[in-house]
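Engineer: The structure follows.
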Amino acid sequence: MEKEKFQKWFRFSKKERNGMLIFLFILLMFFTIPHFFPEKTISTEKKPPYFADNIAEPLTHPNLFIFDPNTLDKAGWLKLGLKEKTANTILHYCQKGGRFRHPEDIRKIYGLKSEDADRLIPFIQIQQNNLHSDRNISKHSVKVSNIPFPIEINHASWQHFAALPGINDKLAQRIVHYRDAKHGFHSVDDIAKAYGLSKQSFEKIKSLLRCTTVLEETKFDNNSNITQEQTVQLQNPITKKVNINAAVLSEFMQSRKIPKSVAEAIIIYREQHGNYSSVADIKNIAFMNNDLFDKISPYLKTEED
């Protein structure tokens, strides 16, 4: 009886036997297949990226300056931040007789990125004699080398402004007219308000400007050429200031820079508190804010100044 029970556990139907055979076959394959394929070894060696050969040499910070693309050498292009390959392309173009007649022409150079072209175009000054053109050069043209940078914005003629990158003759004359209309600039930032001058163009020329003097009656004939003697005079302008410790109301009014109410307040405060030790002392006047002080202080002085 016990024997029959025991045998019952080891009796399988045909379907069950087939299932066991399939299971054993799969198990056998699982253990034998790895022996037919060699084990792959994982290399721990760090491989360079596939584009390593194409990595360009790191560029130094580009140094922007006014240049003529028809005469600039390879070192100059590299200094402007271009890759050596692009610089060679430009030089090859010029050697084959190619010429840049307009700043925008550099966009046709193969391999030159549009952002590089946008960055360089405002600094391009093409000399007409490099184009072998029969056209006459304008009598108002000014050589860039004759313009001292930075320029004094209150005493510069339109030719000085026209020598700046991105500033054409029309815009330069507009800046001068704007300066004359407002009786001079108080700071370099005032130029940014000139009609037609974009914020981007202003940021490019800002470092080439300075405002260390105020404009008096000096005005330039916009149709006159700049001589070397005039350039020296522009760099050393003479400006008359009002002595706040001695001037009477009429002297303040002669400057045409100080509002009458402000002049009266300066005089009254001086009579009540004595002489000013410096121009900055007028800030003690009740209504004198920083904006008003910045506008009038360039026209004032004390005996010690």
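Engineer: Anything in segment 229-248 that is surrounded by 13 or more Cβ atoms within 10 Å (Cβ to Cβ) and at pLDDT 80 or above? List them, or say none.
Structural biologist: Of everything in segment 229-248, those that are surrounded by 13 or more Cβ atoms within 10 Å (Cβ to Cβ) and at pLDDT 80 or above turn out to be K241, V242, N243, I244, N245, A247.
Engineer: Between a first residue in segment 288-301 that is surrounded by 15 or more Cβ atoms within 10 Å (Cβ to Cβ) and a second residue that is assigned to a strand (DSSP E or B) and among the polar types (S, T, N, Q), which pairs have beta carbons less than 7 Å apart while being 6 or more apart in sequence or on different chains?
Structural biologist: Taking only residues 6 or more apart or on different chains, the pairs are K301/N243.
Engineer: Run down I226, I205 and say which single residue is out of contact with any Lys or Arg (no Cβ under 8 Å at 6 or more places or on another chain), in a helix (DSSP H, G or I) and either at pLDDT below 80 or among the hydrophobic types (A, V, I, L, M, F, W, C) (or both).
Structural biologist: Details: I226 fails: in a helix (DSSP H, G or I).
Going through I226, I205 in turn, the sole match is I205.
The values are calculated or read from the model by the stated rules, or taken from the named source; none is laboratory data. Fair warning: this is a prediction, and the values are worked out from it, not measured in the lab. Don't worry about glycine lacking a Cβ; one is built from the backbone with ideal geometry, like all the others, and counts go over all protein chains shown.
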